[in-house]
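Have a look at the structure below, then the notes.
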Amino acid sequence: MFKTFLSIHASSWAVLVVLLIVTAILYSNNKIKVGTITHMILRLMYIIMLVTGIGMLSLAIQNSGMTSFTWTFLGKAVLAILMIGVTEMLLVRIKKQKTSMKM
């Protein structure tokens, strides 16, 4: 079961990176409607990534308790959630065509 979660989780990360790049390019080129569709697919992939990550974390806790390996999983989970937040902020900024510097 762990290997299944791991393969789905790793695949979802790969798809997330590709969808992030595609969505940013679409928003940059003012293709808002298609960009919004890919953005929604990206959000679906966030959910898949989070569910498989939580599944792996619960299996790790059941099998070995709270070892250093499990604490590494928890640290990675926090970083993943932060990355999702930063990614969403980035895409919304690109969509609204706001720059980070004010002159």
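The figures follow:
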| quantity | calculated |
| --- | --- |
| In sequence order, calculated HN-Hα J values of the stretch 55-62 (Karplus, 6.51, -1.76, 1.60; Hz; x Gly/Pro) | x, 5, 5, 5, 5, 5, 5, 5 |
| The chain - percent of accessible surface contributed by carbon and sulfur, probe 1.4 Å | 75 percent |
| Pair W13, L79: separation of 7 Å Cα→Cβ label points (nm) | 0.9 nm |
| Heavy-atom accessible area per residue - the chain, 1.4 Å, Å² | 68 Å² |
| Tensor-based shape of the stretch 1-71 (alpha-carbon gyration tensor, a/c under 1.5 rounded, otherwise prolate or oblate) | prolate |
| Rounded, prolate or oblate (a/c below 1.5 giving rounded, otherwise prolate when a/b exceeds b/c) for the stretch 29-103 by Cα gyration tensor | oblate |
| Karplus-derived HN-Hα couplings along the stretch 30-42 (A = 6.51, B = -1.76, C = 1.60, θ = phi - 60°), whole Hz, x at Gly and Pro | 6, 9, 5, 5, 5, x, 5, 5, 5, 5, 5, 5, 4 |
| In degrees, nearest ten, helix 68-95 long axis to first principal axis of the chain (Cα) | 10 degrees |
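The values are calculated or read from the model by the stated rules, or taken from the named source; none is laboratory data. Predicted, not measured: the structure shown is a model, and the values here were computed from it. Neighbour counts are summed over all protein chains in view; Cβ atoms, including those assigned to glycine, are modelled from backbone coordinates with ideal geometry. All accessible areas refer to the heavy atoms of the entire protein, side chains included, with ligands and DNA or RNA removed. Shrake-Rupley method; radii C 1.70, N 1.55, O 1.52, S 1.80 Å.
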